[in-house]
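Beneath this line is the structure, given in structure tokens, with notes to follow.
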Amino acid sequence: MRLQIKRYGAAALAGIMAGSLALTGCGSYASSSELRQQAEASLLDQADSGSGSGQGLQVEPDSGTPDNPGTRDGQGTPDGQDDRTGGPSAETIRVETGLTTAPMPEFESVKDDVYVKTEDGGSVRLRSSCDTGSDANIVTYASSGTRLTRTGKGSEWTRIDYNGTPAYISSAFITTDVPETPAAPAGGVCVDSGEVTLNPSWKYAEFSKINTGAAVLYRSEAGTRKNITICVNAGHGTKGGSSVKTLCHPDGTPKVTGGTTGAGATSAAAVSGGMTFADGTAESKVTLAMARILKDKLLAAGYDVLMIRENDDVQLDNVARTVIANNASDCHIALHWDSTTSNKGAFYMSVPNVESYRNMEPVKSHWQQHNALGESLVAGLKGAGVKIFSGGSMAMDLTQTSYSTVPSVDIELGDKASDHSQATLNTLADGLLAGINQYFGQS
Ligand SMILES: [Zn+2]
């Protein structure tokens, strides 16, 4: 029923740790498609079409065997600029043809889905401007099959929406044909790899302190695949997470409500340890069991699933979990149980009705989505017969909410006194699936 997409880790992790965009995920070799295409186009006009590039850039049309991503060091890195000193690289040829000095091209306004398409399955650069003369404007890398929202049609360049900001991609690598196995998430994720690590260029990534771990993307093989990715975040489970602090808000302002960390604090535990159930079971064990059950149900229902944590420990703090969800999923659901002892029922953490908080980005642009998703989840749980606490929500200023740019909810599925047998978790997962279906208008 499901497929775990092939995974790789070491090179990606090394890249993260070195803070190097080029080594993360598919970025290192992937951008060769864009470069090669540009080079080929330019070389057509040149009598001398020898392979005169310096080291690193591959300009020969047939040179693009996808090697081990870790071995094509240097491509797409800022030191690609060094190649200009050694000979006619793809980038310098491009400069000579005048593209980079051209003004912003004309775009026909559209709003539709397009897909990245490369011959070798590699990735293409998304840039903040229509200029290939430097790597400074690279926003991220989009792998072949990635779905993008096109906002502007142009001949050489296509304008897309990247997390609410315009970005540009070479039109040569865009198709409206839905790939046979379309990649669910937009935004530079290497969907040909099961592992999704924190890309340091992603918005708010710099606020994360623990980010050497990886989430894992599962692609549904159900006949009714929905092309919607749900991030399932098993709460807690990061060794050392409680002794590291991260900013509560990206703008450094203090928390507006209490919670695990009191109101007024500007930083909080990167990942807290979680509570212990009345029977001695750690919350993190139960959230993991819950996540696994929910994952299977989602995949069977046709959703793709981004699992933040699949074992007792993942080295991803709450900021990293959130930023990965922002870039690799369509919504983020963090699973928790509360620390009270009254078996009070399930509820979601709603966005506090505090003006300063709701006026702070990214909360300002997304709080209504968060609350709408929360309401749907609670409705789904209620429909499955799950006991609901009070009105089904509690206002809480959470790190997750403060950094989320996709619909994002911390759902509390009960508390220390609640039953957490497999049968109960199964019922909870049915309720969550119903809520997810409701939110996305699915059945
Ligand atoms: Zn918790």
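Sorted by average packing, counted as other Cβ atoms within 10 angstrom per residue and highest first, what order do 237-247, 343-353 take?
Per-residue Cβ counts within 10 Å, averaged per peptide and sorted highest first, yield 343-353, 237-247.
Could you tell me what a quarter of the Cα convex hull surface of the range 306-351 works out to, in nm² with one decimal place?
Average projection, Cα convex hull of the range 306-351: 4.5 nm².
Measure off 7 Å from each Cα along the Cα-to-Cβ vector at MET104 and ARG292, then give the distance between these two points in nanometres to one decimal.
Going from the MET104 label point to the ARG292 one covers 5.1 nm.
To the nearest 0.05, what FRET efficiency results for SER243 and ALA372 with a Förster distance of 41 Å applied to their C-beta separation?
0.70
What accessible area per residue, rounded to a whole number of Å², is obtained for the range 215-347 using a probe radius of 1.4 Å?
31
Pulled fully out, how much extra length does the chain show between THR212 and ASP161, if you take 0.36 nm times their separation in residues and subtract their Cα-Cα distance?
15.5 nm
Need one number: nm distance between label points at THR260 and GLU361, each 7 Å from Cα along Cα→Cβ, rounded to one decimal.
Going by the 7 Å Cα→Cβ label model, 2.8 nm.
For the range 270-314, count the residues as N, evaluate 2.2 N^0.38 Å, and divide the Cα radius of gyration by that value, please.
For the range 270-314, the normalised Cα radius of gyration comes out at 1.32.
Could you sort ARG225, ARG219 by accessible area so the largest value comes first, with the probe set to 1.4 Å?
Correct descending sequence by accessible area is ARG225, ARG219.
What are the lysines whose alpha-carbon lies under 30 Å from the alpha-carbon of LYS111, with same-chain residues fewer than 8 places away excluded?
LYS153, LYS203, LYS226, LYS364
Can you give me the solvent accessible area of GLU221 with a 1.4 Å probe, rounded to the nearest 10 Å²?
Approximately 100 Å² of GLU221 is accessible to the 1.4 Å probe.
Subtract the Cα-Cα distance of ALA395 and ASP313 from 0.36 nm times their separation in residues, and report this length gain in nm to one decimal.
26.7 nm
In the range 195-440, carbon and sulfur make up what percent of the accessible area (probe 1.4 Å)?
48
GLN422 versus THR175, label points 7 Å from Cα toward the beta carbon: distance in nm?
4.4
Expressed in nm to one decimal, what extension gain is obtained for the pair ASP112 and THR341 from 0.36 nm per residue of sequence separation less their Cα-Cα distance?
Value of the extension gain: 77.5 nm.
Could you rank the peptides 166-176, 379-389, 330-340 by their average count of other C-beta atoms within 10 Å per residue, with the highest value first?
Ranking the peptides 166-176, 379-389, 330-340 by packing returns 330-340, 166-176, 379-389.
Which of the lysines could a cross-linker span from LYS387 if the Cα-Cα distance has to be under 19 Å and same-chain partners fewer than 8 positions apart are dropped?
By straight Cα distance, LYS387 reaches LYS344, LYS416.
Sort 301-307, 153-159 by packing, meaning the average of other beta carbons within 10 Å per residue, with the highest value first.
For the peptides 301-307, 153-159, the packing ranking is 301-307, 153-159.
In 10 Å bins starting at zero, report the fraction of Cα pairs in the range 329-443 per bin as a rounded %.
Percent of pairs per bin, in order: 15, 47, 31, 7, 0.
Return a whole-number percent for the relative contact order of the range 195-440, with Cα pairs under 8 Å and 6 or more residues apart as the contact set.
26
The values are calculated or read from the model by the stated rules, or taken from the named source; none is laboratory data. Everything quoted here is computed from the prediction, not taken from an experiment. Note: ideal-geometry Cβ built from the backbone for every residue, glycine included; neighbour counts use all protein chains shown. We work out accessible area using only protein heavy atoms, side chains counted, and drop any ligands, DNA or RNA first. Shrake-Rupley method; radii C 1.70, N 1.55, O 1.52, S 1.80 Å.
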